[in-house]
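The values are calculated or read from the model by the stated rules, or taken from the named source; none is laboratory data. Since the structure is predicted, the reported quantities are computational estimates derived from the model, not experimental observations. FYI the Cβ positions are ideal-geometry reconstructions off the backbone, even for glycines, and counts take in every protein chain you see.
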Amino acid sequence: MALQLQNPILKWIEYRLPVFSTIDHMVGSGYPTPKNLNYLWNFGSLAGIVLVVQIVTGIVLAMHYTPHTSLAFDSVEHIMRDVNYGWLMRYLHANGASMFFVVVYIHIFRGLYYGSYKTPRELLWFIGIIILLAMMATAFMGYVLPWGQMSFWGATVITNLFSAFPFIGDPIVTWLWGGFAVDNPTLNRFFSLHFLLPFVIVGLVMLHLLALHQHGSNNPLGVEKKGPQDTIPFHPYYTVKDLFGLGVFLIFFAYWVFFNPNYLGHPDNYIPANPLVTPAHIVPEWYFLPFYAILRAVPDKLGGVLLMFGAILILFLLPWLDTSRVKSSRFRPIYKQFYWVFVLACIGLLWAGGQPPEGLPLYLSRVCTVYYFAHFLVVMPLVGWFERPRPLPASISEPVLGGGKLPAGAAARGTH
Amino acid sequence: MSSTTTGGAGAGEPTRRDFLYIAAVGIGAVGTAAAIWPFISQMNPSADVLALSSIEVDLSNIQTGMSVTVLWRGKPVFVRHRTQAEIDKAVADDKADLPDPATDESRVKKPEWLVMMGVCTHLGCVPLGQQGDYGGWFCPCHGSHYDTSGRIRKGPAPLNLPVPEYAFISDTRIKIG
Ligand code: HEM
Ligand code: FES
């Protein structure tokens with residue numbers, strides 16, 4: 001659907017600088033969308049909105065924050081106590097990071113369930129994983145900025161992960177720190193990169209959308225759309241649905257910001273950083289716990305680090321590890337059960353990551369780590385091979401309308 | 001690649017143009033790498049950070065069985081005045097099954113003074129003194145146990161607590177770094 005501009009000024013601009021058709025191509029409202037999308041398809045637009053919230057609140061925080069070891073902690077307290085609505089900006093930003101991960105994790109599990117990583121959406125999936133990695137780096141460096149005890153020791157432990165690599169490890173760590181320990185040079189560069197990376201994410205999101213609109217959204221049936229009878233225009237149908245979802249989401253977000261703003265954080269981060277004393281329990285933010293559990297499940301330093309990074313990098317191989325020709329788990333009676341075991345394993349890792357690494361939590365984290373990797377490396381290829389999927393509908397509209405005939409309204413809609 | 005031959009060379013022979021092409025690209029790559037280097041190197045420790053690299057510690061106030069922790073290059077250094085029992089235990093364990101074998105003698109300049117980095121060799125936490133299964137140090141982060149010589153005995157840490165470069169400048173003063 002090519003963009004039709006009416007306004008002469010816009011036409012004049014478009015003729016010289018095709019911004020409107022470019023924007024339309026990426027987030028165009030006329031974009032034909034499968035008509036059977038469920039609420040799990042809301043989380044992409046939610047992620048985009050949270051990214052904007054993070055950037056806006058972040059820029060405000062940066063106006064009042066000071067990236068220096070002797071001033072950072074106090075400047076965050078200054079934001080909390082003295083700056084007009086500073087408390088609101090900071091609580092929105094700190095909880096917004098958690099919301100970002102809630103939304104993105106649901107978005108990813110949606111893709112896993114409905115096979116959205118399969119042809120022709122492999123690159124779309126890859127860009128998504130790169131966004132996840134960039135988000136993790138951003139959130140990690142952001143958490144260092146308030147320069148509390150968890151900031152400092154989280155930064156120490158995570159940067160030290162790189163020391164596990166033979167030979168190059170120690171030089172890399174010194175390079176990351178800009179010194180011999182996490183210190184002012186580290187804080188300074190983390191601030192600079194924390195400011196930069198969200199804008200890199202914006203660029204990646206644009207690529208993500210470009211790839212999405214090339215073949216359009218997947219859908220709960222995992223059957224590609226066959227013609228206009230299978231689609232509705234994005235606007236007004238999905239704009240309204242997305243807005244409704246946004247309302248519900250904002251209530252959830254507001255609950256944390258206004259009623260429980262410190263629950264997702266850690267009280268030790270209200271103690272100024274002290275390089276001489278490590279807190280008794282160092283735990284990362286909740287969204288890193290599953291990976292932290294994998295790190296600690298392995299009794300070997302390098303092995304733990306490799307598995308932890310591998311847990312994300314393995315997602316790049318999904319399009320080839322999944323041998324099934326059917327996308328949606330709805331039609332995959334066996335795989336569907338393994339999918340839920342996988343979800344349980346992830347929840348198990350999330351829980352175990354927050355416990356001291358001994359006894360039951362350690363045991364559980366080992367079992368779940370084994371399943372995490374087995375799910376991708378063993379279950380996916382084998383089940384895809386042996387499973388007999390249930391019969392797929394011929395098209396998106398067939399299960400509802402029967403036969404895939406062109407319903408009366410669909411022809412008229414083409415001109416929208 | 002380039003089949004646009006100009007010289008008299010036959011088909012498939014490298015030409016003068018191929019050489020110029022490869023040389024130009026090669027020089028360009030070297031130039032680019034040289035231009036990138038300052039942007040990478042700027043993140044390494046700066047001159048002032050490197051300059052702050054030695055401190056002196058007065059030992060006269062540290063009684064037997066006491067330790068002090070001093071900050072050197074942004075990291076804690078443990079200076080422990082060991083008891084005779086701790087020294088004996090450390091020496092006796094020289095022949096134990098050590099993940100990172102080292103004799104107690106090789107880790108000290110004077111047996112009663114143990115000077116080492118207070119940085120766990122796993123992921124960099126500060127271990128707690130006189131705790132753990134070996135009466136030495138225990139790291140609360142992921143459970144590494146060190147003995148009275150600071151050698152790793154149990155847990156995920158791979159190496160002994162490192163001994164920094166230091167020297168006795170008098171009987172009661174050391175210089176670290
Ligand atoms: C991808 C988007 C972003 C994420 C996930 C993110 C995440 C975080 C997190 C987790 C913190 C620590 C909050 C706390 O406990 O206090 C933080 C702090 C901070 N962020 Fe961001 N951030 C993002 C974007 C930005 C942007 C674009 C800027 C600046 C332009 C920014 C500026 C700051 C500042 C100044 C702080 C320190 C103040 C504070 O700790 O509250 N952030 N960020
Ligand atoms: S940092 Fe000491 S055990 Fe992990």
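I'd like to know if region A:165-182 contains one or more residues that are in contact (Cβ under 8 Å) with a residue 60 or more places away in the chain and among the aromatic types (Phe, Trp, Tyr).
yes
Is it true that some residue in region A:93-101 is in contact with a strand residue (DSSP E or B) (Cβ under 8 Å, 6 or more places away or on another chain), within 15 Å of ligand 1 (Cβ to nearest atom) and part of a helix (DSSP H, G or I)?
No: region A:93-101 contains no residue that is in contact with a strand residue (DSSP E or B) (Cβ under 8 Å, 6 or more places away or on another chain), within 15 Å of ligand 1 (Cβ to nearest atom) and part of a helix (DSSP H, G or I).
State all residues of region A:127-163 that are surrounded by fewer than 19 Cβ atoms within 10 Å (Cβ to Cβ) and within 16 Å of ligand 2 (Cβ to nearest atom); if no residue qualifies, say none.
A:162
With the requirement that a residue be within 7 Å of chain B (Cβ to nearest Cβ), within 17 Å of residue A:141 (Cα to Cα) and of a type in the set (Phe, Trp, Tyr), what does region A:157-185 give you?
Within region A:157-185, A:175 is the sole residue that qualifies.
Go through region B:90-177 and tell me which strands (runs of 3 or more DSSP E), entirely inside it, have 1 or more residues that are within 16 Å of ligand 1 (Cβ to nearest atom).
none
Restricting the search to region B:156-177, which residues are under 25 Å from residue A:357 (Cβ atoms) and crowded, with 21+ Cβ neighbours inside 10 Å?
Listed by number, the residues that qualify are B:156, B:157, B:160, B:161.
Does region B:128-177 hold any residues that are within 9 Å of ligand 2 (Cβ to nearest atom) and under 17 Å from residue B:81 (Cα atoms), and which are they?
Listed by number, the list is empty, since nothing qualifies.
Name the residue that is nearest to the other protein chains (Cβ to nearest Cβ), counting only residues in region A:37-65 that are surrounded by fewer than 15 Cβ atoms within 10 Å (Cβ to Cβ) and near ligand 1 (Cβ under 10 Å from one of its atoms).
A:62
Test of understanding: among A:135, A:99, A:89, A:150, which residue is within 27 Å of residue B:121 (Cβ to Cβ) and at pLDDT 95 or above?
Sole residue among the options that is within 27 Å of residue B:121 (Cβ to Cβ) and at pLDDT 95 or above: A:150.
Looking at region B:41-61, which of the residues that are among the aliphatic types (A, V, I, L, M) and in a loop (DSSP other than H, G, I, E, B) is farthest from the other protein chains (Cβ to nearest Cβ)?
So the residue we want is B:59.
Quick one: in region A:279-333, which of the residues that are in contact with a Cys (Cβ under 9 Å, 6 or more places away or on another chain) and under 21 Å from residue A:346 (Cβ atoms) is surrounded by the most Cβ atoms within 10 Å (Cβ to Cβ)?
The residue in question is A:293.
Quick one: in region B:38-82, of everything that is within 26 Å of residue A:188 (Cβ to Cβ), of a type in the set (Gly, Ala, Ser) and loosely packed, with under 15 Cβ neighbours inside 10 Å, which residue is modelled with the highest pLDDT?
Looking at the filtered set, the residue picked out is B:41.
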